[in-house]
Amino acid sequence: MCPRKPPKPCSYPNCPELTYGRYCEKHQKQMDRKYSSTNRPFKHLYNTSMWKKLRKQFLQEHPLCVECKAKGVIKAAAVVDHIKAHEGDGKLFWDKSNWQPLCKSCHDRKTVKEDGRWGKKGRVYSYDFK
Ligand SMILES: [Zn+2]
Ligand SMILES: [Zn+2]
C-alpha cells in the first residue's frame, strides 16, 4: 500500500475539481497568471516621463547613497528608493519626502528584505529601474 493523501477540492470558489495541490490544474494556471500580472501592478508609474524626470533631478540633488553614507562610505546613488513602500499608492509614490537615494546594492538588499516580508502575504513589490 502506498499511503497517499486524499485529494482535496480546488480552492477556487465553487470549483468541484479534486486536486493534490491548492488548485486544480486549470485554476492553478489561472492563479499563476493572475499572480504574475498583479506582481507589479504599479510598474507603469516608473515608466512615466514624469517619474524619469523627477528621479533624475532627485539624484542630481542627492547624488550619494544614504545607507552607505550612514556607514561612512561615499558611494554614488543609482536608485530613488521609497522609504515607506508605496505599493502603488500615488501619494506615497510622488511624495519626495518619502524618497531616498540608494546605490544599487543597498537598494537590492532592501528590496529582498521587503519582498521576504510582504511575499508571505502575496504582496510582492520588487521592481527594476531599467
Ligand atoms: Zn479549480
Ligand atoms: Zn549604498
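Throughout, read-outs are computed from the coordinates displayed, never taken from laboratory work. Every value quoted in this text rests on a predicted model; they were computed, and no experiment measured them. Cβ placement follows ideal geometry from the backbone for every residue including glycine, while neighbour counts extend to all protein chains displayed.
Computed extension length for Val73-Leu54: 4.3 nm, one decimal, from 0.36 nm per residue of separation with the Cα-Cα distance subtracted. Mind scanning Lys75/Lys104; Lys43/Lys104; Lys71/Lys104; Lys75/Lys110; Lys43/Lys91; Lys34/Lys91 and naming the pairs with a C-alpha gap bigger than 21 Å? The answer is Lys34/Lys91. When all alpha carbon pairs of region 48-119 are counted in 10 Å bins from zero, the resulting P(r) reads 20, 50, 27, 2 %. Averaged over residues, the count of other Cβ atoms within 10 Å places the peptides 76-82, 44-50 in the sequence 76-82, 44-50, highest first.
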